[in-house]
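The structure appears below as structure tokens.
The values are calculated or read from the model by the stated rules, or taken from the named source; none is laboratory data. Bear in mind that the values here come from a model prediction, so they are computed numbers and not experimental data. With ideal geometry, Cβ positions are generated from the backbone for all residues, glycine too; neighbour counts draw on all protein chains shown. These area figures cover heavy atoms from the full protein model, side chains too; ligands, DNA and RNA do not enter into them. Shrake-Rupley method; radii C 1.70, N 1.55, O 1.52, S 1.80 Å.
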Amino acid sequence: MAGAARQFDFPGSSGSGRLQGEDAVRFKQPILSDRRSVGKDAEHESVVAGLVFLSASGGIGLTTMTALMGKQLRDMALSCALVDLDLDGGGMDVLVGVEGAPGMRLGRIHAPLGRVDPQALHEELPTWDGIPLLSNDPWSAPPQGWWDLDAAVSAMAGFADLLLIDAGRGRGLGNLRSLKGLPSLLMVDMTVLGLARAKALLHALNGRSNAGDRAQDSPLISCRPPMALIGMMPTQHRVSHGVDPEQAEDFLGRSVDVVLKPQPKLSASVLDGRGLERVPRTYARALHPLVERIAGMIVVGERKVERISSRESVRSGAVK
């Protein structure tokens, strides 16, 4: 590697995947598999309908992306809910601007019997633009045991078609049965160090998936390896520009499906405490095919309706 660009130097890399347009590079197929076509993986399917957002690097907009996806799905008249399981960070309510709203946070949920009443939890949660939000505010009350987290996730699936779960780096979530086998998205920091970290996480997730039940006590989340990668270019004050997408794909051994550039106005609204005011049009256009495929995951017909109905009939547990 040489020069200010700090790109990977791979034999046979064409270097033609430059940024096109102002904020997005491209979108490639395939992205996500519909839950109806899981086939031989059906035995690993979670009892909830959810999508896990992961990143090996902090500060690249994972929580923002999770929330923006929720807003786009809501605009399609679909029922979704946001779950903040970033145990190292948290603060989704602060990011979207509803930290002052009364309501339940993750650290206040206690489920000694391993169950939480979905309707009771729904009524206690704050909402952001009509989307129920369970935020993790560890500075107020740290999360309880893994069984409390598991019960909270399962309860939220009782009143939403799809859970959008910010899992941070995926650490500390290995025992959550509600997340086992869920599809995932990985956000990648398009820098040399970011790609190295992303490759390590991909390797760990693949190993976790192959280990099956033998990895029960692993600290790493037990979702499926990512079905889509969203690259985020670095801001100019970090490096001159990020790694070329095609070189990144060569290094990771798989496609980077969407590559975005940071939006200064979006970052400013979050840092100034105004929350996420809107989805940038460039992001909405670039992510639209992916959002449509996520929406397709929700349409699972009678099977999902039956699962939710059976969970809502269980009225034990407590939310304190």
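Quick notes on this structure:
- Filter pass, residue 141 being farther than 24 Å from residue 208 by Cα, open to solvent by less than 10 Å² (accessible area, probe 1.4 Å) and at pLDDT below 95: no
- Filter result for the condition that a residue is under 17 Å from the mean Cα position of the chain (by Cα) and within 25 Å of residue 192 (Cα to Cα), over 264, 234, 245, 225: 225
- Filtering region 174-186 for residues that are over 20 Å from residue 63 (Cα atoms), out of contact with any helix residue (DSSP H, G or I) (no Cβ under 6 Å at 6 or more places or on another chain) and free of Cβ contacts under 8 Å to residues at least 24 places away in the same chain leaves an empty set.
- Hits in region 243-270 (condition: out of contact with any strand residue (DSSP E or B) (no Cβ under 6 Å at 6 or more places or on another chain) and part of a loop (DSSP other than H, G, I, E, B)): 243, 244, 253, 254, 255, 261, 262, 263
- In region 113-163, residue farthest from residue 298 (Cα to Cα) [restricted to those that are among the polar types (S, T, N, Q) and in contact with a strand residue (DSSP E or B) (Cβ under 8 Å, 6 or more places away or on another chain)]: 136
- Applying the set (1) touching a helix residue (DSSP H, G or I) at 6+ places or on another chain (Cβ under 7 Å); (2) open to solvent by less than 10 Å² (accessible area, probe 1.4 Å); (3) farther than 19 Å from residue 81 by Cα to residue 194 leaves exactly one unmet item: (1).
- Just so you know, in region 200-215 the residues that are modelled with pLDDT of 90 or more and touching a strand residue (DSSP E or B) at 6+ places or on another chain (Cβ under 9 Å) include one that is most open to solvent (accessible area, probe 1.4 Å), and it is 204.
- Scan of region 120-138 for residues that are more than 20 Å from the chain's Cα centre (by Cα) and either open to solvent by 30 Å² or more (accessible area, probe 1.4 Å) or of a type outside the set (A, V, I, L, M, F, W, C) (or both), ordered by number: 120, 122, 123, 124
- Within region 99-119, if we keep just the residues that are surrounded by fewer than 18 Cβ atoms within 10 Å (Cβ to Cβ) and aliphatic (A, V, I, L, M), the residue that is nearest to residue 177 (Cα to Cα) turns out to be 113.
- Filter result for the condition that a residue is touching a helix residue (DSSP H, G or I) at 6+ places or on another chain (Cβ under 8 Å) and at pLDDT 85 or above, over 245, 280: 280
- Selection count where residues are assigned to a loop (DSSP other than H, G, I, E, B) and of a type in the set (D, E, K, R), scope region 130-186: 4
- Among the helices (runs of 4 or more DSSP H) confined to region 41-125, the ones with at least 2 residues that are over 24 Å from residue 169 (Cα atoms) and at pLDDT 95 or above are located at 118-124.
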